[in-house]
Amino acid sequence: MFGCQKYQALNSPPTPVYTPPDTVRANQVTFEVLWQEISVGYLRKDFGGTDWEQVHDSYSKQVEQSISPEAFQQLMEEMIAEIPNSGIRLQTRRERINDVLVTSPNRERVGVYTGVRDSIDDEPRLIILHVSQGSAAAIAGLKPHESILAINERPIEVGNGKQAQDELRTITNENPIELLVETPMGERRLVVVSAQSNSSPLNSPIENRILPNSDILYLKFPPNESRNSINELATSIERFSVRSGEHKGIIVDLRVMTGERRSSLLQFLSLFTNGVVFNQIDVDGNSEDITISGMESGLQDERLVPVVVLVGPDTAGAGEIFSAALQDQGRAIIIGQPTLGEVEEITTKFLPNGSRLILPTTTLVTVKGGRDIGELGVEPDIFNPIEYDQLTSQNDPVLNLGVQTIRDIFASRP
């Protein structure tokens, strides 16, 4: 209930308060610069069907009121939200500083990767996607598939998940945090995490193994993809390519893959497909073909080796590109939940009040289906709503569905 009240408050008009005239003027100047930067620099010139000029007139009247800088920031975030699925973000000066902190080496030492679930349709929480071996999170006993419900006795709230992630990543040895954690079985416990001096995170390997009682190769990519494991993975795929078996298949699990757009994961597209797989569109409407040069691998024929890719709301960047390319080429069946669409290249603009505007400048559009992945994400062929904290490594219905899908493909053939 508290979270819903907070959500409603975020969407209510800002309350007029006494604000010094200089601050009011600064708000007005920042508003005009922000609106103009989006007008000129936003990738999609139809603004998602939004009448951007009308938005200006509506919000201009509110900015003229005497409101605090905090209320002004809230108002600008609401204005940006008028453009659906825009990918545009606005960071305050304080958030910019936090951004530096969470991308520091301390983030790696903490070693926990989480997904945010804080909409009005979900129980607000952080889902633990991955824990790096030897990290502070691992030493504290955190495990994948668990959920974080509260940090230092403060519940995760609707709309507050990103801030909670930042707090989780910036812990130090002098500033430990207490987490309320829930397992997939509903059991709760308190966990104290500190950036201990003896924590030494290891690069997480790409999991690769033949699933029991099958000829199916299972490849699971971690969030912090280790380039050192690429050679090992290539060797594994080579061994699989020459493996004898009537019902060979590959399942690529990208549910926790948040790798950068230029991740080495994309090198493996050439094992499964070739040719033009995307058109890259920039802010000026220019288009550039993204071409994959296929390699002789024995894996490009879907009749011989079906491919299933597992995705979810935490799949981002390279994971989305890999999934969308194979789906558009008809080379893979995608199973899971829709992805968010975080494949765009971005530019940043600094505003007069010290905040930072983050604008998408390029997106990727599939060649055959014409799907804008940056705007729409990847839509699975087979939808499965099970969340990552509702399963375990021993009981994974989404993976089981992938196995059954490959078996059904062979069963349906004459």
ask   = Of (1) surrounded by 14 or more Cβ atoms within 10 Å (Cβ to Cβ); (2) of a type outside the set (S, T, N, Q); (3) more than 24 Å from the chain's Cα centre (by Cα), E375 satisfies all except one. Which?
value = (3)
ask   = For segment 58-74, how many residues are over 11 Å from T23 (Cβ atoms) and either touching a residue at least 60 places away in the same chain (Cβ under 8 Å) or part of a loop (DSSP other than H, G, I, E, B) (or both)?
value = 4
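Looking at V158, V181 in this structure, which one is touching a Phe, Trp or Tyr at 6+ places or on another chain (Cβ under 7 Å) and either assigned to a loop (DSSP other than H, G, I, E, B) or surrounded by 15 or more Cβ atoms within 10 Å (Cβ to Cβ) (or both)?
Values: V181 fails: touching a Phe, Trp or Tyr at 6+ places or on another chain (Cβ under 7 Å).
Selected residue: V158, the only one of V158, V181 that is touching a Phe, Trp or Tyr at 6+ places or on another chain (Cβ under 7 Å) and either assigned to a loop (DSSP other than H, G, I, E, B) or surrounded by 15 or more Cβ atoms within 10 Å (Cβ to Cβ) (or both).
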inquiry  = Can you name every one of the strands (runs of 3 or more DSSP E) wholly within segment 315-414 that holds 3 or more residues which are among the β-branched types (V, I, T) and modelled with pLDDT under 95?
reply    = 345-350, 356-366
remark   = Quick count over segment 276-314, residues being more than 29 Å from I128 (Cβ to Cβ) and in a loop (DSSP other than H, G, I, E, B), is 18
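Looking at I346, I333, I382, I373, which one is in contact with a helix residue (DSSP H, G or I) (Cβ under 8 Å, 6 or more places away or on another chain) and farther than 20 Å from T405 by Cβ?
Working: I346 fails: in contact with a helix residue (DSSP H, G or I) (Cβ under 8 Å, 6 or more places away or on another chain); I333 fails: farther than 20 Å from T405 by Cβ; I382 fails: farther than 20 Å from T405 by Cβ.
None of the others qualify; the one that does is I373.
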ask   = Do you know which residues across segment 116-155 are part of a loop (DSSP other than H, G, I, E, B), modelled with pLDDT of 95 or more and in contact with a Ser or Thr (Cβ under 6 Å, 6 or more places away or on another chain)?
value = H145, E146
key: Residue list for segment 262-298, filter: within 24 Å of the chain's Cα centre (by Cα) and of a type in the set (D, E, K, R)   = R262, D282
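Rundown of residues vs (1) buried (at least 24 other Cβ atoms within 10 Å of the Cβ); (2) farther than 25 Å from G245 by Cα; (3) not assigned by TED's automatic domain parsing to the domain that holds L126, yes/no style:
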{"residue": "E288", "(1), (2), (3)": "no, yes, yes"}
{"residue": "P306", "(1), (2), (3)": "no, no, yes"}
{"residue": "I321", "(1), (2), (3)": "yes, yes, yes"}
{"residue": "A325", "(1), (2), (3)": "yes, yes, yes"}
{"residue": "E342", "(1), (2), (3)": "no, yes, yes"}
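If you check L219 against the conditions, is it under 24 Å from the mean Cα position of the chain (by Cα), surrounded by 20 or more Cβ atoms within 10 Å (Cβ to Cβ), at pLDDT 90 or above and assigned to a loop (DSSP other than H, G, I, E, B)?
Numbers: under 24 Å from the mean Cα position of the chain (by Cα): yes; surrounded by 20 or more Cβ atoms within 10 Å (Cβ to Cβ): yes; at pLDDT 90 or above: yes; assigned to a loop (DSSP other than H, G, I, E, B): no.
When the stated conditions are applied, L219 does not pass them.
The values are calculated or read from the model by the stated rules, or taken from the named source; none is laboratory data. This one's a predicted model, so the numbers in the text were calculated from it and none came from an experiment. Cβ: placed from backbone, ideal geometry, glycine included. Neighbour counts: every protein chain shown.
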